[in-house]
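In what follows, a structure is listed as structure tokens, so that the remarks can point back to it.
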Amino acid sequence: MIVRPDAEGIRRAVEILAADSVVAFPTETVYGLGAHAFSEKAVGEIYRLKNRPSWNPLIVHVANVAAARELAETWPAGADELAARFWPGPLTLVVRRARRLPGIGAANDTVAVRVPAHEVALRLLEASGLPLAAPSANRTESISPTTAEHVMRSLPDVPLVLDGGPSSWGIESTVLDLTSAVPTLLRPGALGLRELREVTGSLALPDAVADGAARPSPGMSRRHYAPRATVILCKDVTDVDPASLAGPVGVLTYEGTSGTEILSADPREYAADLYAALHRLDDAGVATILVQEPPQTEEWLAVRDRLSRAAAE
């Protein structure tokens, strides 16, 4: 059920969360499927509805930095600097989990936490008084939702969806691991590396993690963010004969006028509409989506990451 995020909608959402069930709510990145982060029953409902493997951990959303510190065994000085600069916002920090707290979905000693920059999400966090585990509100491996309608199409059994309109960033948060000597980028996302380096200096990249192995962050699976249609990446869509592909064929580009879906050549604007465009192509019933490869520049890193995982077999 989709409801307005007014006082009554928030009240109903809090009631459902207090009963150890789940609620979908908007963030500035994508819509999340939220549950009390330290309720085994509630977290289990997230995994059940999403058909999410147990080795894939969850991000915990909190209302402020003080609430984030309460979840950590240690809180590095770098975390304070990053939080002061980027929270509320699309940055997730991985820190050592407080020993008194259970693991969030995966058996490890860390917790991934962020303060979202969305009025509805913050009102829900404050009204519930709960830390909310909230992965994207969609079936595992499928396209992340950027509207309430996307949520209901993917997860029709969710009891309640707070409708906050389209997500402004349209792509998941950047995840940074602060448990090592050099901060490690676990997932590229809405927040760019240039902005992060202004605070952290050096950044390390993670080692590859096989599916089925525990990992400290979501978004590290080989296949992810994928539409029902087959995604094929190519340098120039005009070089590919659509007749050679399973049809109908949709084309997603950011240059010229040859695409079924033509997105902005600005990486921020492209990211904001990427998932919505993939949803539109899926809704149109195409069998194959031919995608122009984004530029090999750092500004496009998060978009390239999403498209490469969507195209993985």
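The values are calculated or read from the model by the stated rules, or taken from the named source; none is laboratory data. Remember, predicted model here, so these are calculated numbers, not experimental data. So basically every Cβ, Gly included, is an ideal-geometry build from the backbone, and we count neighbours across all protein chains shown.
Residues to consider are 88, 57; find the one that is in a loop (DSSP other than H, G, I, E, B), at pLDDT 95 or above and of a type outside the set (D, E, K, R).
None of the other options fit; the residue is 88.
Of the residues in the range 247-287, how many are touching a strand residue (DSSP E or B) at 6+ places or on another chain (Cβ under 6 Å) and not charged (D, E, K, R)?
Applying the first criterion (touching a strand residue (DSSP E or B) at 6+ places or on another chain (Cβ under 6 Å)) to the range 247-287 yields 249-253, 259-262, 277, 281, 286.
Add one more test, that the residue is not charged (D, E, K, R), and what stays is 249-253, 259-260, 262, 277, 281, 286.
Number of matching residues: 11.
Step by step: first the residues of the range 268-285, then only those that are over 20 Å from residue 300 (Cα atoms) and aliphatic (A, V, I, L, M), then the one that is surrounded by the most Cβ atoms within 10 Å (Cβ to Cβ). Which residue is that?
Restricting attention to the range 268-285, the residues satisfying the condition of being over 20 Å from residue 300 (Cα atoms) are 279-285.
Imposing the further condition that a residue be aliphatic (A, V, I, L, M) reduces the set to 281, 284.
Numbers: 281: 25, 284: 12.
The qualifying residue surrounded by the most Cβ atoms within 10 Å (Cβ to Cβ) is 281.
Would you confirm, using the coordinates I've provided, whether residue 94 is within 22 Å of residue 19 (Cβ to Cβ), outside any loop (DSSP other than H, G, I, E, B) and in contact with a strand residue (DSSP E or B) (Cβ under 7 Å, 6 or more places away or on another chain)? I'd like the intermediate steps shown before the answer.
Numbers: within 22 Å of residue 19 (Cβ to Cβ): no; outside any loop (DSSP other than H, G, I, E, B): yes; in contact with a strand residue (DSSP E or B) (Cβ under 7 Å, 6 or more places away or on another chain): yes.
Judged against the criteria, residue 94 is not a match.
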All positions within the range 104-130 that are more than 22 Å from residue 18 (Cβ to Cβ) and small (Gly, Ala, Ser): 106, 107, 112, 117
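For the range 155-169, name all the residues that are of a type outside the set (D, E, K, R) and either under 16 Å from residue 120 (Cα atoms) or modelled with pLDDT under 95 (or both).
Pass one, the range 155-169, residues of a type outside the set (D, E, K, R): 155-156, 158-162, 164-169.
If the condition is that a residue be of a type outside the set (D, E, K, R) and either under 16 Å from residue 120 (Cα atoms) or modelled with pLDDT under 95 (or both), then 160, 161, 162, 164, 165, 166, 167, 168, 169 are the ones that fit.
Looking at 45, 15, 70, 40, which one is out of contact with any helix residue (DSSP H, G or I) (no Cβ under 8 Å at 6 or more places or on another chain), free of Cβ contacts under 8 Å to residues at least 12 places away in the same chain and acidic (Asp, Glu)? So that I can check it myself, show each step before the final result.
Numbers: 45 fails: free of Cβ contacts under 8 Å to residues at least 12 places away in the same chain; 70 fails: free of Cβ contacts under 8 Å to residues at least 12 places away in the same chain; 40 fails: free of Cβ contacts under 8 Å to residues at least 12 places away in the same chain.
After applying the criteria, what remains is 15.
Evaluate the following for residue 37: is it of a type in the set (A, V, I, L, M) and either at pLDDT 95 or above or under 25 Å from residue 302 (Cα atoms) (or both)? Steps first, answer last, please.
Values: of a type in the set (A, V, I, L, M): yes; either at pLDDT 95 or above or under 25 Å from residue 302 (Cα atoms) (or both): no.
Criteria not met by residue 37.
Which is touching a residue at least 40 places away in the same chain (Cβ under 8 Å) and surrounded by fewer than 19 Cβ atoms within 10 Å (Cβ to Cβ), of 100, 123, 85?
Numbers: 100 fails: touching a residue at least 40 places away in the same chain (Cβ under 8 Å); 123 fails: surrounded by fewer than 19 Cβ atoms within 10 Å (Cβ to Cβ).
From the options 100, 123, 85, the qualifying one is 85.
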Criterion: buried (at least 22 other Cβ atoms within 10 Å of the Cβ) and among the hydroxyl-bearing types (Ser, Thr, Tyr) - qualifying residue of 180, 167: 167
Single residue of the range 97-122 satisfying the filter (small (Gly, Ala, Ser) and part of a loop (DSSP other than H, G, I, E, B)) that is nearest to residue 48 (Cα to Cα): 105
Scan of the range 299-313 for residues that are more than 12 Å from residue 190 (Cα to Cα) and part of a helix (DSSP H, G or I), ordered by number: 304, 307, 308, 309, 310, 311
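Conditions (1) buried (at least 16 other Cβ atoms within 10 Å of the Cβ); (2) in contact with a Lys or Arg (Cβ under 8 Å, 6 or more places away or on another chain), marked per residue:
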{"position": "225", "(1), (2)": "yes, yes"}
{"position": "236", "(1), (2)": "no, no"}
{"position": "250", "(1), (2)": "yes, no"}
{"position": "256", "(1), (2)": "no, no"}
{"position": "266", "(1), (2)": "no, no"}
{"position": "287", "(1), (2)": "no, no"}
{"position": "301", "(1), (2)": "yes, no"}
{"position": "306", "(1), (2)": "yes, no"}
{"position": "309", "(1), (2)": "yes, yes"}
Criterion: part of a strand (DSSP E or B), at pLDDT 95 or above and of a type outside the set (S, T, N, Q) - qualifying residue of 186, 176, 130: 176
Filter pass, residue 125 being outside any loop (DSSP other than H, G, I, E, B), over 17 Å from the mean Cα position of the chain (by Cα), of a type outside the set (Ser, Thr, Tyr) and modelled with pLDDT under 95: no
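For the range 226-270: of the residues being of a type in the set (Ser, Thr, Tyr) and under 26 Å from the mean Cα position of the chain (by Cα), which is modelled with the lowest pLDDT?
Filtering first and then ranking leaves 260.
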Only one of 141, 195 that is outside the structural domain of residue 267 (by TED's automatic domain parsing), on the phi > 0 side of the Ramachandran plot, out of contact with any Gly (no Cβ under 6 Å at 6 or more places or on another chain) and modelled with pLDDT under 95: 141
